[in-house]
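**Q** Please see the structure below; I have some questions.
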Amino acid sequence: MKPAPFEYHRPSTVDEVTELLARHGPDAKLLAGGQSLVPAMNFRLAQPAVLIDLERVAGLAELREEGGVLRMGAMTRQRAAERSPAVARGAPLLVETLPFVAHPQIRNRGTVGGSIAHADPAAEIPAVMLALDARFHLRGPGGSRTVGAGEFFTGLFGTALEADELLTEVEIAAPAPGSGWAFGEVSRRHGDYALAGVAATVALDAAGRCSGARIALLSVGEGPVLASGAAAALLGGEPTADAVRAAADAVEREIDPPADIHASAAYRRQLAGVLVRRVLPRAFERARAAAVQ
Ligand code: FAD
């Protein structure tokens, strides 16, 4: 399989990228790690007339911690994030999740920003970003803007990115004292896209009651899904087995999973509940350990 002909640009600054995007508009596609875009081009599912390669754009792969905030350039390779001590401190949920994304060879090329911008409903990174309440920096010809993960994902492969914008940076607040996290998924083989997955962050107050919960799911909707009913079932109470069961029941009620050749909607719904029951106790265990440190 070969892609349709395209014009190739390799800019070296973000300003050059936005100029190219403004000039070519919807005919152009940004190339990051190419692990989703290139297969789509080879199958002619995507036929961009212009390809703008982000590989050599200065500063887009920078990773730094600044006043309790982790800042990750969009071109940070998934494998680099997985191995980074700064990400382990600032976003341990992401480090726990990355080994579930494809295989090491793909993560060596694939970028954190590419996965977020691609917004595949079965992808792990968008769900993790939702659970972490990450913020995304977008740059267009008119300047920069920041969008929260909750507003960024807008449906099936849909995002808040305009055709002339790129994602430049991901911002994640460091875990607060007394907070915990966990990820779990079920796939037929390790590295396959999951049939369902759950990423959760939780927080406990000094009395051991749940003071915060964000439960995000993948492969059960048109994009990553934030289960607000399940979080509400936990808030203000002790994280007992009954509370976890109530949260799992709420998830099963509030999602509307798709059916495909891999799994029925009913199977995905049940799987989501089972995963919530597995993931939340681990997250609360970590929160308890963080609270006593
Ligand atoms: P690209 O493929 O280069 O780009 C993807 C899309 O995002 C394109 O439309 C591009 O224009 C846009 N884009 C990229 N960067 C930006 C930016 N900075 N601003 C705006 N738009 C941008 N993913 C999973 O989550 N889970 C899996 O289990 C999984 N399994 C895989 C198995 C195989 C065999 C392969 C080939 C891929 C798999 N992937 C999986 C996808 C992989 O994680 C990709 O790396 C990821 O989806 C896209 O990242 P990328 O850097 O390769 O982006």
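The values are calculated or read from the model by the stated rules, or taken from the named source; none is laboratory data. These numbers come from a predicted model, not from an experiment. Don't worry about glycine lacking a Cβ; one is built from the backbone with ideal geometry, like all the others, and counts go over all protein chains shown. The area values use the complete protein model at the heavy-atom level, side chains included, leaving out ligands, DNA and RNA. Shrake-Rupley method; radii C 1.70, N 1.55, O 1.52, S 1.80 Å.
**Q** For the chain, what does the accessible surface come to per residue with a 1.4 Å probe? Please give it in Å². All intermediate terms of the calculation are to be shown ahead of the outcome.
**A** Working: 13320 Å² over 293 residues.
Averaged over the residues of the chain, the accessible area is 45 Å².
**Q** If the chain between Asp15 and Glu285 were fully stretched, how many nm would it gain, using 0.36 nm times the residue separation less the Cα-Cα distance?
**A** On the way: separation 270, 0.36 × 270 = 97.20 nm, distance 4.57 nm.
Gain on stretching Asp15 to Glu285: 92.6 nm.
**Q** Let me ask something else about it. What is the local net charge at Ala207, summed over the other residues whose Cβ is closer than 13 Å to its Cβ (Lys, Arg +1; Asp, Glu -1)?
**A** 0
**Q** Still on this structure, I have one more. What does the highest-first list of 1-11, 158-168 look like by mean Cβ count within 10 Å? Provide the component values of the computation, followed by the final result.
**A** Details: 1-11: 12.5, 158-168: 19.1.
Ranked from most to least packed, the peptides come out as 158-168, 1-11.
**Q** Based solely on its DSSP helices, what 222 nm [θ] is calculated for the chain when runs of n ≥ 4 H residues each add -39,500 (n - 2.57) and the sum is averaged over all residues, nearest 500 deg cm²/dmol?
**A** Working: 12 runs with 109 residues, N = 293.
Using -39500 (n - 2.57) per qualifying helix, the result is -10500 deg cm²/dmol.
**Q** What does the net charge come to around Gly178 if you take all other residues with beta carbon closer than 14 Å to its beta carbon, with K and R at +1 and D and E at -1? Working shown, then result.
**A** Working: positive: Arg209, Arg286, Arg288; negative: Asp205, Glu238, Glu285.
So the environment of Gly178 carries a net charge of 0.
**Q** For the chain, modelled as a GNM with alpha-carbon contacts under 10 angstrom, which of Asp242, Asp205, Asp53 fluctuates the most?
**A** Asp242
**Q** What part of the accessible area of region 63-173, given as a whole %, is carbon or sulfur when the probe is 1.4 angstrom?
**A** Details: 2070 of 4100 Å².
Carbon with sulfur: 50 percent of the solvent-accessible area.
**Q** If you don't mind, there's one more thing I want to ask. Between the helical axis of 241-254 and the dominant principal axis of the chain, each derived from Cα atoms, what acute angle in degrees is found, rounded to the nearest 10?
**A** Once rounded, one gets 40 degrees.
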